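A short worksheet on the structure shown next.
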Amino acid sequence: MAMKRGVAMGLLLAALPAAALAQAPAGDADARILFETRLRSEAVDQQGFIDQAHALTLRTRLGWRSPTEHGLQLLIEGEGVAVLDDRYSAPSAPVPGRSAVADGETLELNRAQLAWTALPDTEVVAGRQRLVVGNSRFLGNVGWRQNEQTFDAVRLTTTALKPVSLTWIFADRVQRPLGHEHPQGVWRGDIHLLQIEGETPVGRLGAFGLAIDLDNAAAQSSTTFGARLVGSRALAGDLSLTWAAEYARQIDAGSNPADYALDFQAAALGLQTPHWSAGLGVERFDGDGVSGFQTPLGTGHGFLGWSDVITTTPAFGVRDLFLRGHVGLPAWGRTLRLTAEAHVFHDADGAFELGRELDLAAAMPIDRHWSVELKAAHFDGDHPAFGDADKGWLTLEYRY
């Protein structure tokens with residue numbers, strides 16, 4: 001029955017853009033129809049589960065952005081995820097013994113925001129919106145999952161205070177990728193973020209403070225202060241040296257029953273040209289034996305490997321030593337982008353190994369609207385808490 005409902009929703013969502021685009025106004029160039037759809041096949045084979053999982057999901061977003069009048073612009077967007085193959089354990093429909101895929105069927109208001117840009121070099125956005133701060137490590141939209149994470153928030157960004165830029169955010173509700181039917185699909189509380197960025201002789205330096213006080217997820221309440229430096233330097237021709245360094249300090253806050261003060265450190269060094277890049281790095285999440293340094297509002301996928309086996313920092317912490325690289329190759333008149341990553345995970349102090357991971361991906365645009373990606377992750381666990389896992393994805397995406 002769930003699969004039949006999913007097929008019906010998929011056909012409905014696929015039919016929406018044609019009708020919408022046919023009625024699109026030809027007015028101000030600032031106004032536009034927003035439409036994108038993403039079909040994804042995801043397979044999971046994970047140690048400790050009897051059955052493998054396979055999910056075929058179709059994510060569709062349809063919306064409209066108004067012309068700008070007197071510095072005001074309205075944006076509204078709906079999002080639906082249709083499940084076409086439900087042989088997996090979904091967030092709101094768990095199946096005992098079967099591996100999980102964190103994409104369930106949903107239909108919701110994704111964004112509904114009003115932007116004001118009347119002040120020079122300044123934008124204020126209020127309403128349900130997409131938030132991505134920095135590299136999305138601490139606050140992001142979890143764009144990898146089919147159901148995007150959005151926030152009911154007020155956001156101010158300005159570059160009027162030159163030479164620095166400033167971002168201030170207040171949010172009181174988080175629509176999480178788990179979906180609104182899941183008990184933890186919506187978080188409510190007070191979230192404050194302040195970030196200041198500016199250029200220095202050794203790269204762009206940003207400092208931030210993030211305060212999270214959640215009413216229905218008290219264990220995720222915390223206050224984090226941190227800084228991140230990202231830079232590059234030309235070496236010869238089109239070859240550049242790149243570097244990044246980051247530090248953050250996190251303490252418990254609000255009604256969090258835990259009592260902790262933990263650190264996060266990261267550093268990376270690499271080489272890049274317009275056609276390829278390669279680098280190595282390390283990330284360390286502290287743990288005190290009871291609690292681990294957490295990033296509950298961040299985008300987890302892409303950090304600590306693609307398998308998402310380590311999504312929550314254990315009490316003994318995590319240290320990730322990684323190599324990554326990419327190359328762009330000409331193919332059929334397009335650019336085929338190949339990406340590879342290798343990770344070795346230990347506890348924060350390096351006393352024992354948690355596992356190793358290899359990630360591979362190939363992605364290519366088909367034309368200016370369509371793109372395709374094939375992606376795989378293999379996690380070889382070496383600790384009882386983290387079993388072996390193999391995951392694969394095939395994604396076809398259209399953006400209007």
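Candidates in region 135-150 are the residues that are under 14 Å from residue 185 (Cβ atoms) and of a type outside the set (S, T, N, Q); of these, the one that is nearest to the chain's Cα centre (by Cα) is 142.
I'd like to check something: does region 19-42 contain any residue that is basic (Lys, Arg), assigned to a strand (DSSP E or B), buried (at least 19 other Cβ atoms within 10 Å of the Cβ) and modelled with pLDDT of 95 or more?
Looking through region 19-42, at least one residue is basic (Lys, Arg), assigned to a strand (DSSP E or B), buried (at least 19 other Cβ atoms within 10 Å of the Cβ) and modelled with pLDDT of 95 or more.
Quick check on residue 277: is it surrounded by 17 or more Cβ atoms within 10 Å (Cβ to Cβ), assigned to a strand (DSSP E or B) and either touching a strand residue (DSSP E or B) at 6+ places or on another chain (Cβ under 9 Å) or among the acidic types (Asp, Glu) (or both)? Here the answer is yes, as residue 277 does meet what is asked. Test residue 286 against the stated conditions and say whether it is touching a residue at least 12 places away in the same chain (Cβ under 8 Å), within 18 Å of residue 388 (Cα to Cα) and buried (at least 20 other Cβ atoms within 10 Å of the Cβ). Here the answer is no, as residue 286 does not meet what is asked.
Remark: pairs (first residue in region 230-254, modelled with pLDDT of 95 or more; second residue surrounded by fewer than 18 Cβ atoms within 10 Å (Cβ to Cβ) and among the basic types (Lys, Arg); Cβ separation under 8 Å; 6+ apart in sequence or on different chains) = 230/204; 231/204; 240/233; 241/233. For region 377-400, the candidate set comprises residues that are in contact with an Asp or Glu (Cβ under 8 Å, 6 or more places away or on another chain) and without any contact (Cβ under 8 Å) to a residue 40 or more places away in the chain; within that set, the residue that is nearest to residue 40 (Cα to Cα) is 380.
Of the residues screened, residue 102 is not one that is out of contact with any helix residue (DSSP H, G or I) (no Cβ under 7 Å at 6 or more places or on another chain) and within 17 Å of residue 71 (Cα to Cα).
Restricting attention to region 85-101, the residues being hydrophobic (A, V, I, L, M, F, W, C), in contact with a Ser or Thr (Cβ under 9 Å, 6 or more places away or on another chain) and more than 15 Å from residue 390 (Cα to Cα) number 1. A search for C-beta distances below 8 Å between a residue of region 298-321 that is free of Cβ contacts under 8 Å to residues at least 60 places away in the same chain and farther than 11 Å from residue 346 by Cβ and any residue that is among the hydroxyl-bearing types (Ser, Thr, Tyr) and buried (at least 22 other Cβ atoms within 10 Å of the Cβ), counting only pairs 6+ apart in sequence or on different chains, returns 315/291. One residue alone among 188, 176, 145 is free of Cβ contacts under 8 Å to residues at least 40 places away in the same chain and either in contact with a Gly (Cβ under 9 Å, 6 or more places away or on another chain) or crowded, with 20+ Cβ neighbours inside 10 Å (or both), and that residue is 176.
The set of residues in region 72-102 being charged (D, E, K, R), modelled with pLDDT under 95 and surrounded by 22 or more Cβ atoms within 10 Å (Cβ to Cβ) consists of 86 alone. Scanning region 197-222 for residues that are polar (S, T, N, Q), surrounded by fewer than 17 Cβ atoms within 10 Å (Cβ to Cβ) and within 22 Å of residue 254 (Cβ to Cβ) turns up just one, 216. Given the criterion charged (D, E, K, R), touching a residue at least 40 places away in the same chain (Cβ under 8 Å) and in contact with a Gly (Cβ under 6 Å, 6 or more places away or on another chain), identify the matching residue among 42, 77. After ruling out the rest, the residue left standing is 77.
The values are calculated or read from the model by the stated rules, or taken from the named source; none is laboratory data. Computed from a predicted structure; not experimentally measured. Backbone-built Cβ (ideal geometry, glycine too); neighbour counts: all protein chains shown.
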